[in-house]
1. Which condition number does residue 40 fail, the rest of (1) among the aliphatic types (A, V, I, L, M); (2) more than 30 Å from residue 126 (Cβ to Cβ); (3) open to solvent by 50 Å² or more (accessible area, probe 1.4 Å); (4) modelled with pLDDT of 95 or more being met?
2. Considering only residues that are in contact with a Pro (Cβ under 8 Å, 6 or more places away or on another chain) and more than 21 Å from residue 183 (Cα to Cα), which ones fall in segment 73-95?
3. Any idea which of (1) free of Cβ contacts under 8 Å to residues at least 12 places away in the same chain; (2) under 14 Å from the mean Cα position of the chain (by Cα) is the one residue 138 doesn't satisfy?
4. Collect the residues in segment 1-26 that are in contact with a Lys or Arg (Cβ under 7 Å, 6 or more places away or on another chain) and assigned to a loop (DSSP other than H, G, I, E, B), keeping them in residue-number order.
5. Please go through segment 52-82 and pick out each residue that is in contact (Cβ under 8 Å) with a residue 24 or more places away in the chain, part of a loop (DSSP other than H, G, I, E, B) and surrounded by fewer than 18 Cβ atoms within 10 Å (Cβ to Cβ).
6. Six or more apart or on different chains, Cβ atoms under 7 Å: show the pairs whose first residue is in segment 150-171 and touching a residue at least 60 places away in the same chain (Cβ under 8 Å) and whose second is part of a loop (DSSP other than H, G, I, E, B) and aliphatic (A, V, I, L, M).
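The values are calculated or read from the model by the stated rules, or taken from the named source; none is laboratory data. None of the values given here were measured: they were computed from a predicted structure. Here the Cβ positions follow ideal geometry from the backbone for every residue, glycine too, while neighbour counts run over all protein chains shown. Surface areas here come from the heavy atoms of the whole protein model, side chains and all, with no ligands, DNA or RNA. Shrake-Rupley method; radii C 1.70, N 1.55, O 1.52, S 1.80 Å.
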Amino acid sequence: MQLRAYAISVRGPHASMLDATSVQVSDHQLVLLTGYPGPAHVAASLGLSGRLHPDGGEVKLDGQTDAAALRRAVAVVDTPGITEPDDALPVRWVVGEELAIAGRKAGPKAVQEWLAAHDAAEHADKRFEHLPVATRTRLLTELTVARPGVKVVILTMPDRLGGDPHEWYGVGRELASRGFGVIITCAETSARLLGVPAAQLGSMEPPEPVQVEPAAPAIPMETARPIESEEKEAEVEA
């Protein structure tokens, strides 16, 4: 899979929202897309995902310009004014809505089980705005990739919420290790703190994406044996 945008631009009612920008990402890759905080981040996220038709340039998924295919395969996460949840809602409500969108069971029991499986059961009744930033980012990305057909995740301006950039960058790397293509839009200061080469909003010369090694497959419990047991068996045989 490859998502490639060449010189996409978006005009606003009074001025340019996004100047010509090029960026690309494939599976098992992560890209930071940096720029001054503002509408360009949202315009880029929507343009890259087929939810906004660029005024210039083009976006291709595996070489094809198909907005419907983009919308199915490219998901935007926590985009201000678009996909960010209502901060006043309880966490369990947000999770239930997202599970329903993903076509999953979304009743109270299913929601509680999902939260428990993601180590977040204690947050169920909190207002969403009271979640730690890292937990918020992790839960929203996991809910997003639960949707069928998602191949690329675009996380929009997670640093607007504060917190440590290494935490949301870690979420992005973990998703890339599972095979997703990941684009994170953020401020240039965040990229400098992370020490990661970044593409830039308004630039047509992006660096190579960060390649992330596939996650190691989990070892089934029935085949996993403690090292001590193996050493004891070796002693008996000797």
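1. Unmet condition: (3).
2. Correct list: 92, 94.
3. It fails just one condition, (1).
4. 1
5. If the condition is that a residue be in contact (Cβ under 8 Å) with a residue 24 or more places away in the chain, part of a loop (DSSP other than H, G, I, E, B) and surrounded by fewer than 18 Cβ atoms within 10 Å (Cβ to Cβ), then 55, 62, 63, 80, 81, 82 are the ones that fit.
6. Once the first residue is touching a residue at least 60 places away in the same chain (Cβ under 8 Å) and sits in segment 150-171, its partners that are part of a loop (DSSP other than H, G, I, E, B) and aliphatic (A, V, I, L, M) give 151/1.
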